[in-house]
Amino acid sequence: MATEIQPSEPADGEPDAAVVERFLAGDSRAFDEIVARHQRAVYLAARRLLGSHADADEAAQRTFVRAWRSLRGFRGEASLRTWLMRIMLNVTRTLRAERVSGEGPLADATEAVAPGRRPDERIGSGQLGGLLRAAVATLPPRQREVVALKVFSDMTHREVAGLLGLSEGAVKAHLHQAVANLRRRLARHAGGRV
Amino acid sequence: MDCGSFERELAGLAAGPAAAERGCVSRLRQHARQCPECAGSAGLLEVLGRPAAQRELGDDPGAAYWEAFAGRVRARIDRDELAPAAKVRGRSRVPFLAAAAAALALLGAWALWRDSTDTATRRGSGSDEQPAWATADLPPPGLADGDVSAQADVLAGWAASLGAATDGEGSEAWGGAGPLPDVADLDDDTRLALLRWLNAQSL
């Protein structure tokens with residue numbers, strides 16, 4: 001799988017705020033640039049939250065469609081990435097609610113899990129991702145959100161707290177609890193009891 | 001290191017490996033190797049020990065997906081933009097057509113009233129001269145090409161004139177609410193433009 005990293009703002013490139021200004025001035029191609037810069041972060045966070053590629057793809061698309069409609073209201077008080085992540089969070093919550101209400105099942109997030117082998121063997125055979133995806137998918141929603149944003153999207157405690165409407169202390173507590181839960185789930189899985 | 005410390009340090013690593021003290025990952029690895037209870041967290045440790053930007057779980061959909069993504073978003077925006085626009089147009093036509101129908105009825109009433117007046121006048125003068133609006137070229141240029149805003153402007157101007165109109169004669173022929181407006185108070189250009197527009201409509 002590709003692992004190259006796309007920085008949200010190229011070190012020698014145009015800042016996000018300037019690209020937004022170009023969009024607001026009528027340069028519709030600027031929006032494609034915004035998408036290109038943030039698509040990976042939005043998709044991968046959605047993937048952590050929803051589990052499957054299909055749901056993450058849908059969430060990422062909806063996020064940018066909403067962003068297109070709302071970008072005129074972007075005040076620049078938070079970074080563009082934080083603003084997009086807020087939209088993504090709302091979209092994933094809506095998607096989960098739609099799925100729960102019967103508008104389509106969330107895809108099984110426990111793909112690629114093969115219990116009964118030692119953890120290091122699974123890691124060696126490339127199944128680590130599947131194991132962790134499955135473990136993250138079983139976390140309570142709030143812990144899953146904290147993990148998606150803090151661990152996999154590299155946001156600061158303050159940014160995550162602002163997005164989730166929590167104090168920084170609460171974010172740290174959720175993160176600590178999430179790691180403890182992940183450990184328990186992975187330990188159970190290592191024993192083949194999941 | 002005990003298991004409690006392992007868990008605390010692992011959580012610290014999750015919060016940001018850069019903030020974790022030097023050698024943290026090595027110590028945690030050593031504990032995971034020796035402790036059966038923590039061995040299951042070895043994979044988690046390997047992921048959390050990386051810089052956040054590299055903490056992917058092998059589920060990146062690949063370059064082809066990313067290259068096509070913006071285009072798919074754009075196509076969806078175009079699709080979504082068209083659908084609501086059609087709804088808005090559909091909704092906005094309802095009062096517009098109602099206003100046109102009311103205008104048509106009003107003009108009809110006015111024409112009847114005017115015709116009876118003209119007939120009486122012609123009978124008196126013997127003149128067969130037609131009013132300008134009755135011989136206007138149809139469809140009128142500019143209004144027959146779907147220029148809704150221009151049509152709306154004409155109607156709006158006419159409606160404003162109606163608001164200022166005084167009671168007129170022929171109220172008994174007027175079926176609408178309130179007194180019959182004196183359409184004769186409209187200036188010729190507005191009346192002609194309105195009639196041209198009404199003639200161009202397929203109501």
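Can we say residue A:65 is part of a helix (DSSP H, G or I), at pLDDT 90 or above and over 22 Å from residue A:155 (Cβ atoms)? Yes.
Just one of (1) closer than 19 Å to residue B:45 by Cα; (2) surrounded by fewer than 17 Cβ atoms within 10 Å (Cβ to Cβ) trips up residue A:133, so point out which. Unmet condition: (2).
Matching residues to (1) of a type in the set (D, E, K, R); (2) at pLDDT 90 or above:
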| residue | (1), (2) |
| --- | --- |
| A:121 | yes, no |
| A:127 | no, no |
| A:148 | no, no |
| A:156 | no, no |
| A:167 | no, yes |
| A:170 | no, yes |
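Within segment A:44-62, no residue satisfies the criterion of being of a type in the set (Ser, Thr, Tyr) and in contact with a His (Cβ under 9 Å, 6 or more places away or on another chain).
Okay, residues lined up against (1) aromatic (Phe, Trp, Tyr); (2) closer than 26 Å to residue B:35 by Cα; (3) out of contact with any His (no Cβ under 9 Å at 6 or more places or on another chain):
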residue	(1), (2), (3)
A:130	no, yes, yes
A:149	no, no, yes
A:155	no, no, yes
A:159	no, no, yes
A:164	no, no, no
A:177	no, yes, yes
A:180	no, yes, yes
A:184	no, yes, yes
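Within segment A:13-37, the set of residues being facing chain B (nearest Cβ under 10 Å) and under 17 Å from residue A:73 (Cβ atoms) comprises A:31, A:34. The number of residues in segment A:133-157 that are within 12 Å of chain B (Cβ to nearest Cβ), among the β-branched types (Val, Ile, Thr) and in contact (Cβ under 8 Å) with a residue 12 or more places away in the chain comes to 4.
Conditions tested, residue by residue: (1) more than 16 Å from residue B:8 (Cβ to Cβ); (2) within 10 Å of another protein chain (Cβ to nearest Cβ); (3) of a type outside the set (Ser, Thr, Tyr).
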site	(1), (2), (3)
B:24	no, no, yes
B:31	no, no, yes
B:41	no, yes, no
B:44	no, yes, yes
B:49	no, no, yes
B:57	yes, yes, yes
B:62	yes, yes, yes
B:66	yes, yes, yes
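Taken as a whole, the condition of being modelled with pLDDT under 90, over 17 Å from residue A:17 (Cα atoms) and not in a helix (DSSP H, G or I) does not apply to residue A:97. Annotation: residue B:109 fulfils all but one of (1) part of a helix (DSSP H, G or I); (2) facing another protein chain (nearest Cβ under 9 Å); (3) at pLDDT below 80; the unmet one is (2).
The values are calculated or read from the model by the stated rules, or taken from the named source; none is laboratory data. None of the values given here were measured: they were computed from a predicted structure. A quick note on method: Cβ atoms are made from the backbone with ideal geometry, for glycine too, and the neighbour counts reach across all protein chains shown.
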